[in-house]
1. Points 7 angstrom from Cα along the Cβ direction at B:VAL49 and B:LYS75: gap in nanometres?
2. So if R0 is 51 Å, what FRET efficiency would B:LYS37 and A:SER82 give, r being the distance between their Cβ atoms, rounded to the nearest 0.05?
3. Separation between the A:ALA114 and B:LYS100 pseudo-spin-labels, each 7 Å from Cα along Cα→Cβ, expressed in nm?
4. Within a 10 angstrom radius of each residue's Cβ in A:62-71, how many Cβ atoms of other chains show up on average? Whole number is fine.
5. So between A:VAL128 and A:ASP74, what do we pick up on full extension, going 0.36 nm a residue minus the alpha carbon distance?
6. What distance in nm separates the two pseudo spin-label positions at B:VAL204 and B:ASP56, each 7 Å out from Cα along the beta-carbon direction?
7. Kindly identify the range A:108-161 as rounded, prolate or oblate by the Cα gyration tensor criterion: order the square roots of the eigenvalues as a ≥ b ≥ c, call it rounded if a/c is under 1.5, otherwise compare a/b with b/c, prolate if a/b is larger, else oblate.
8. Hand me the trypsin sites (Lys or Arg not before Pro) from the range A:24-61 located in a DSSP loop with no more than 14 other Cβ atoms within 10 Å, in residue order please.
Amino acid sequence: MPELVKVGMADLKVGKAPATLISYGLGSCIGISLYDPQLKVGGLLHIMLPDSTQSRANENRAKFADTGIPDMLDQVLKLGASRGRLVAKIAGGAQMFAFANATDIMRVGQRNAAAAKEVLSGLGIPVVGEDTGGNYGRTVSIDLSTGVYVVKTIDKGEKEI
Amino acid sequence: MSDDVASLSATQMDALREIGNVGAGNSATALSQIINKRIDMNVPRVSIVPLGDVPDLVGGPDVMVVGVFLRVYGKAPSNILFLLPKESAFYLVDMLMGKKRGDTQKLDFLDESALMEIGNILSGAYLNALFNFTNISLLPSIPALAMDMAGAILSVVLIQLGQMGDHALVIETEFKTDDEGIKGHFFLVPDPGSLETILSAVGVG
């Protein structure tokens with residue numbers, strides 16, 4: 001039985017095959033994976049907010065796209081991953097409740113997705129799979145043996161990105 | 001420690017528990033009158049928990065729940081989230097709509113509307129009691145409803161708190177009908193700045 005590693009909210013885990021990294025019940029949060037297909041190492045990061053500089057509490061770097069992604073990159077490089085081979089996938093960023101006058105914080109899902117892509121592009125890591133937006137929750141996992149990133153939902157089924 | 005909630009005294013926690021008690025007591029009475037069943041409630045839990053652990057209070061982040069969310073406006077802005085396991089929500093709809101237990105298998109527009117109204121009534125009752133206790137007048141927004149994974153629904157509240165800290169202060173009460181057919185969790189989650197306002201209003205600021 002391959003190891004199943006849980007990634008909590010505002011949390012980051014890295015590992016190597018045959019482990020699977022999984023994060024349950026993402027709403028507006030984003031699950032960002034990095035993967036080196038040749039060495040079969042990677043990581044999964046569960047961010048809540050786009051930007052640590054906009055926040056009063058930024059000690060937990062895995063909470064934010066701008067600090068969590070570089071930290072995950074460092075950790076997978078330490079496991080031997082090659083920066084040039086790394087690919088990223090992202091999922092989440094929903095808006096769970098529809099309000100007519102949705103405030104910025106209600107639309108944080110969209111901003112999270114945009115920030116994640118911007119940070120990844122700044123680091124030169126291609127985003128090869130994406131499933132963001134909508135108004136539903138997602139459980140996401142990445143199988144480090146294959147790099148397959150599975151997105152499970154309650155009403156919209158399951159898909160691989 | 002940047003979290004203002006992590007440093008509350010025992011007296012302050014007691015005061016918050018009492019607020020939860022009075023508020024939820026009033027809500028439970030309202031719900032009991034609507035469905036004509038006895039409602040038991042536990043002593044409110046006032047917990048300060050790491051944000052990521054909040055979904056565990058209702059059984060884990062991937063448990064399927066129905067959530068009614070209301071934003072609370074006024075001098076102590078807060079969020080209210082009324083969470084019901086899927087089966088409880090369906091049974092509540094059966095009762096509200098005069099159907100047989102087990103008839104509701106999914107929620108249509110009218111069912112959702114009925115559950116939102118329940119969220120509305122419970123919140124109104126809760127906030128009224130809070131007003132009598134603290135003299136802070138608070139108004140709920142119109143309710144919004146989602147049926148999904150608990151973690152995804154709670155993230156709406158947790159992300160707001162996440163901007164200010166890494167812990168959540170939740171005042172949580174569990175409701176049960178005496179036949180155990182309905183179980184629900186009522187969360188009042190004050191915005192970080194609101195806590196001070198509430199505590200000073202009851203003289204333990």
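Read the figures in this text as sums done on the coordinates, not as results from a lab. Predicted, not measured: the structure shown is a model, and the values here were computed from it. We place every Cβ from the backbone using ideal geometry, glycine too, and count neighbours over all the protein chains shown.
1. Result: 3.1 nm between the two label points.
2. 0.20
3. 5.3 nm
4. Per residue, the number of nearby Cβ atoms from other chains is 1 on average.
5. 17.5 nm
6. If labels sit at B:VAL204 and B:ASP56, their model points lie 2.5 nm apart.
7. oblate
8. Of the trypsin sites (Lys or Arg not before Pro), the ones in loops of the range A:24-61 whose Cβ has at most 14 other Cβ atoms within 10 Å are A:ARG56.
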